[in-house]
1. Where in the stretch 1-106 are there helices (runs of 4 or more DSSP H), lying wholly inside it, with at least 3 residues that are at pLDDT 90 or above?
2. Consider only pairs whose beta carbons are under 8 Å apart and that are at least six residues apart or on different chains; among these, list those whose first residue lies in the stretch 35-58 and is within 13 Å of Leu16 (Cα to Cα) and whose second residue is at pLDDT 75 or above and exposed (fewer than 11 other Cβ atoms within 10 Å of the Cβ).
3. Go through the stretch 49-58 and count every residue that is within 22 Å of Arg79 (Cβ to Cβ) and more than 12 Å from the chain's Cα centre (by Cα).
4. Any residue at all in the stretch 73-85 that's of a type in the set (Ser, Thr, Tyr), closer than 24 Å to Phe5 by Cβ and within 18 Å of the chain's Cα centre (by Cα)?
Amino acid sequence: MDKKFWISVGITFVLLGIMEPLVNVFILGSDWELLLLQSVTRAEYKFLVFYVVYLFMAFGLTFIYSKGHEGSGVGEGIRFGFYMSLISFLPIAYFTYALFPITYSLTLKWYLSGLVELIIIGIVLNKLYSKTSTQ
């Protein structure tokens with residue numbers, strides 16, 4: 001794991017730390033408020049846990065991308081984000097829908113916003129690992 005890897009982990013961590021709160025406040029905020037009223041979520045969030053999870057996600061996403069990238073352009077980053085959403089945000093959103101009284105609207109918005117986040121991260125990782133960045 002070289003310097004580029006750790007820089008990529010850091011950048012991915014920062015992106016997650018920015019995008020996740022923005023999505024959960026501005027896109028999903030009204031849906032989450034309904035859950036708070038139903039006492040389904042914690043009254044006080046454990047925010048430190050969010051950042052620990054973002055760190056693990058940043059490491060995992062960067063590790064997987066760094067081991068499998070082919071250098072085939074921005075489409076590779078988009079595909080990476082799409083595939084990662086299929087094994088992360090999609091199952092989490094739909095398992096939560098199956099287990100807790102959340103609306104389907106929230107479930108779908110949760111998955112789609114996660115898809116967009118991971119595509120952005122895939123594009124950024126693609127740029128960080130492109131052949132031009134190693135020259």
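The values are calculated or read from the model by the stated rules, or taken from the named source; none is laboratory data. Just so you know, these numbers come straight off a predicted model, no measurement behind them. All Cβ positions, glycine included, derive from the backbone under ideal geometry; neighbour counts span all protein chains shown.
1. 3-22, 47-68, 74-87, 89-99
2. No pair meets every condition.
3. Final tally of qualifying residues: 0.
4. yes
Every residue, every condition in (1) surrounded by fewer than 17 Cβ atoms within 10 Å (Cβ to Cβ); (2) in contact with a Ser or Thr (Cβ under 8 Å, 6 or more places away or on another chain); (3) of a type in the set (S, T, N, Q), yes or no:
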{"site": "Glu70", "(1), (2), (3)": "yes, no, no"}
{"site": "Ser85", "(1), (2), (3)": "no, no, yes"}
{"site": "Ser88", "(1), (2), (3)": "no, no, yes"}
{"site": "Pro91", "(1), (2), (3)": "yes, no, no"}
{"site": "Phe100", "(1), (2), (3)": "yes, no, no"}
{"site": "Lys109", "(1), (2), (3)": "yes, no, no"}
{"site": "Leu115", "(1), (2), (3)": "no, yes, no"}
{"site": "Leu118", "(1), (2), (3)": "no, yes, no"}
{"site": "Gly122", "(1), (2), (3)": "no, no, no"}
